[in-house]
Every structure is written in C-alpha cells, then in structure tokens.
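Worksheet: one structure, shown below.
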Amino acid sequence: MSGDLTFGPVSQLREAKPLRLTRPLAGIVIIATLIAAFVPGDLLLEHLGLGLPLLRMAVIAAMTLVGAQCALACGLRLEPHGAPHPLLIGVLAAVGVAAMVFTLDAVLLRGQLEPGYAQYLASPLPTRLAGFMLRAFNENVIYRLFVFPALALAAHRALGRKAISPVILIGAMIAAQLINIAINVVGTSELPVTAARVAFDGIRYVAPGVLWALLFRRHGFAVAEVASVGCHVFLQPAFTLAF
C-alpha cells in the first residue's frame, strides 16, 4: 500500500453543481436507510431520529445526500479509483486493522475491556458479525461521507482559501472520528477517563476511522466501506476463537 494514501496535489474546490443520483449514491442511500430502519446503533443517529425507525431513515438519507454534495465540492468520489485494484487496497486495510484490534483487545489489553463489550464478544458469531458489519456501514456514512467532508468544506470556506489544503482535510478526518468516539465510546463507557485510556482510544478507535477517511480521499468511498465493513469479516471470527 506504499504511496497509495498520499494526498497528491492540493484539492481544488469545485463549483457547486446539482447533485445527481448516480447508481453508487442510490445504492448507499438504499442500504443506509434499510440498516437505519432495522438496526439501531449509532447514538447520534438515534438521537436525531428520536428513536423512530422512519425518522432514522429520513435522517441518514439526508446525511448521505448532503455529505455526497459536500464530498463532490471537496473533490472526493464515491466510486473506486486511484489504483489498478482499489478494492484490494480496502481488503488489505481491513486485514491490517483487524490484526491490530485483535492484538489489543484479545492479547495486550484483554483484562481492561469494558465488561459489556467483552461479554458481547462471546455471543454467537452470526448475530455479532451481522451487527458489527451493518453498524460499520452506517458509521462510515455518518462520519466519513457526511461529517468529514462537511467539516472540511466549512473550514475551507471559513478560511477563505482557493484550495482545500491537506491540513484541512486531515484535521476534518480526525475531528469527524473524535466526534464519533466521543458520542459512541467515551460517552457510554463505564471506565474512568485516564491518560492511558485516551491513548488506547486513540489507537483503537480514532486511528482506524482516520484510515477509512484517508482511503475515501485517495481511493473513493466504496473502498473505505470495503475496509470498514470488511474489517469485521476477519476480526469477529478471530474473536470467537479467543473469547
């Protein structure tokens, strides 16, 4: 994967254009809304949807469309691109992150896991695998397709520059994942916030989300989804053997 995640030329902000409902975008909307209807997961989506399936569907559909418009303005693409086999890059990223997370959760820091999380890892694999994969898909929609480009575009316009710099993009990637973790991990944790816990969360949760955003930037949102969702294809069976 050497060189595949470089930014290359500074992204030029594109003129606003009417968003076209392409096949990739329509597919994302359909999948995301169906997941939101039947699989509550992300707490931001749950709060905005007031716990109602139909409202969750409407919220994530709006997030997808607004995010796609912001992504278009930032020069980001939905379809795979940038390499002879971009989807393979997503698979390799999935394997690498799965290995890292397994090493942390099952080997190095097993005794420090949240009690509820450790118990869930011992639940039946089919249900757990489906749950993690479906939630991962919508997490990527919310924080990579919507929050990340929206923050990047807002920062760009606030600074009044002609081009979106790598600093803005990386800052938006990190900020988007920090928002995710603050809501869905730190906000629900039973463990005290310590320096060690912050370091763990940074490696365990923030770094993968930033990597998914880098894949989105360099190779398209579809590749980021392959990596984010595919990570659990390798990780959850390994957890079944360990727990």
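Scanning segment 92-122 for residues that are touching a helix residue (DSSP H, G or I) at 6+ places or on another chain (Cβ under 9 Å) and among the polar types (S, T, N, Q) yields one hit, Q112. Of all residues assigned to segment 117-132, none qualifies as being at positive phi, part of a loop (DSSP other than H, G, I, E, B) and of a type outside the set (K, R).
So in segment 187-243, with the set limited to residues that are over 18 Å from H85 (Cβ atoms) and acidic (D, E), which one is surrounded by the fewest Cβ atoms within 10 Å (Cβ to Cβ)? Checking each candidate, the answer is E190.
Say we look at segment 191-243 and pick out the residues that are part of a helix (DSSP H, G or I) and polar (S, T, N, Q); which of these is modelled with the lowest pLDDT? So that I can check it myself, show each step before the final result.
So in segment 191-243, the residues part of a helix (DSSP H, G or I) come out as 195-219, 221-242.
Within this subset, residues satisfying the condition of being polar (S, T, N, Q) are 228, 236, 240.
Working: S228: 98, Q236: 97, T240: 94.
Among those that are part of a helix (DSSP H, G or I) and polar (S, T, N, Q), it is T240.
Inside segment 78-92, residues that are buried (at least 19 other Cβ atoms within 10 Å of the Cβ) and assigned to a loop (DSSP other than H, G, I, E, B) make up a count of 2.
Can you tell me how many residues within segment 166-180 are buried (at least 18 other Cβ atoms within 10 Å of the Cβ) and either farther than 13 Å from G202 by Cα or in contact with a Phe, Trp or Tyr (Cβ under 7 Å, 6 or more places away or on another chain) (or both)? Adding up the residues that qualify gives 7.
Pairs linking a residue in segment 220-234 that is within 15 Å of G209 (Cα to Cα) to a residue that is of a type in the set (F, W, Y) and modelled with pLDDT of 95 or more, with Cβ atoms under 6 Å and 6 or more positions apart or on different chains, are A224/W212; A224/F216; A227/W212; S228/W212; V229/F137; H232/F132.
Does segment 50-59 contain any residue that is more than 30 Å from S165 (Cβ to Cβ), in contact with a helix residue (DSSP H, G or I) (Cβ under 7 Å, 6 or more places away or on another chain) and at pLDDT below 95? No, there is no match, as no residue in segment 50-59 is more than 30 Å from S165 (Cβ to Cβ), in contact with a helix residue (DSSP H, G or I) (Cβ under 7 Å, 6 or more places away or on another chain) and at pLDDT below 95.
Condition check ((1) surrounded by 16 or more Cβ atoms within 10 Å (Cβ to Cβ); (2) modelled with pLDDT under 95; (3) over 21 Å from Y205 (Cβ atoms)) across all residues:
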{"position": "A73", "(1), (2), (3)": "yes, yes, yes"}
{"position": "A94", "(1), (2), (3)": "yes, no, no"}
{"position": "V101", "(1), (2), (3)": "yes, no, no"}
{"position": "V107", "(1), (2), (3)": "no, yes, no"}
{"position": "E114", "(1), (2), (3)": "no, yes, no"}
{"position": "F132", "(1), (2), (3)": "yes, no, no"}
{"position": "Y143", "(1), (2), (3)": "yes, no, no"}
{"position": "I164", "(1), (2), (3)": "yes, yes, yes"}
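Which of the residues that make up segment 1-43 are farther than 30 Å from G131 by Cα and either of a type in the set (G, A, S) or at pLDDT 95 or above (or both)? Those that are farther than 30 Å from G131 by Cα and either of a type in the set (G, A, S) or at pLDDT 95 or above (or both): S2, G3, G8, S11, A16. Taking each residue of segment 143-158 that is touching a residue at least 12 places away in the same chain (Cβ under 8 Å) and looking for partners that are in a helix (DSSP H, G or I) and of a type in the set (S, T, N, Q) with beta-carbon atoms closer than 6 Å, six or more apart or interchain, yields Y143/N180.
The values are calculated or read from the model by the stated rules, or taken from the named source; none is laboratory data. These numbers were taken from a predicted model, which means no experiment stands behind them. A quick note on method: Cβ atoms are made from the backbone with ideal geometry, for glycine too, and the neighbour counts reach across all protein chains shown.
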